[in-house]
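For reference, the structure is listed below as structure tokens.
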Amino acid sequence: YINDIPAGAIAWVYKILAGEKEKERLLFNDKDMLLNVDPKWSTHPDVCPSDNENKHVLKNHDSTKNLYCLGLCHRLDVKSIRDLTDEHIPLLSHMLDEGTKRIEEVYGTPRNALRVFVHYPPQFYHFHVHYTSVDGVDFGINTERAHLLEDIIDNLKCDGSFYKKANLTCRLGATDKLWKKFQNLSG
């Protein structure tokens, strides 16, 4: 299923990672990850997060209750939670620590006020992490879809290939291509 997804379907992700797209949403970028403001955060002030001159506007702004940021992994070989092994623990820990640190620096929202999670199945197959405020709108945090990043790290510490073999309950929409493949198999 994943191998049949056209490369062009996530070309927009590669443009963000290359710095060709959504530069105005950039919070942080290093060799492992890129952190930006997710377009779903519609109440974000009209200020570029990397604009040091106006950064004071963002700190503790009323809209932080709707905080929604996205961390994109620079590794191209990690598509989803299913690809993760204990080899990825340093990367995942970095995404957790650095993402929450940068969000607190820019917005004043501490780590204990953030929900940091991964969807399975993901909306798009390039590994990414969601950072949202625990006080805000619950974008995609349903128990049958969201997996907390701290839990993922702990599971991989206990069993380095946990996600290669775990049964993961998930919800699929009636029009989802993966759901249609399941229907064809059973029917």
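Set against the labelled values [x] 9, 29, 28, 19, 10, 4, 1, 0; [y] 9, 35, 36, 16, 3, 0; [z] 9, 32, 33, 17, 7, 2, 1, 0, P(r) over Cα pairs in 10 Å bins from 0, in percent computed from this structure falls on [y]. Multiplying the residue separation of N54 and D32 by 0.36 nm and removing their Cα-Cα distance gives an extension gain of 5.2 nm. Once the Cα atoms are used to define both axes, helix 89-107 deviates from the longest principal axis of the chain by about 30 degrees. Normalised by the number of residues in the chain, the average gap of Cα pairs under 8 Å and 6 or more apart makes the relative contact order 21 percent.
Give the calculated FRET efficiency between E98 and N184 to the nearest 0.05, with a Förster radius of 41 Å applied to their Cβ-Cβ distance. Result of the calculation: an efficiency of 0.45.
Shown for region 1-73: lysine pairs separated by 8 or more places, or found on different chains, whose C-alpha atoms are under 17 Å apart, numbering 7.
Placing unit charges on the Cβ atoms of the charged side chains and taking the dipole of region 1-101 about its Cα centre, the candidate lying farthest along the positive direction among H94, V13, N54 is N54.
Averaged per residue, the chain has 54 square angstrom of accessible surface, using a 1.4 angstrom probe with ligands and nucleic acids left out.
The values are calculated or read from the model by the stated rules, or taken from the named source; none is laboratory data. What you are looking at is a predicted structure, and each value in this text was computed from that prediction instead of being measured. Using ideal geometry, Cβ is built from the backbone for each residue, glycine included, and neighbour counts are taken over all protein chains shown. We work out accessible area using only protein heavy atoms, side chains counted, and drop any ligands, DNA or RNA first. Shrake-Rupley method; radii C 1.70, N 1.55, O 1.52, S 1.80 Å.
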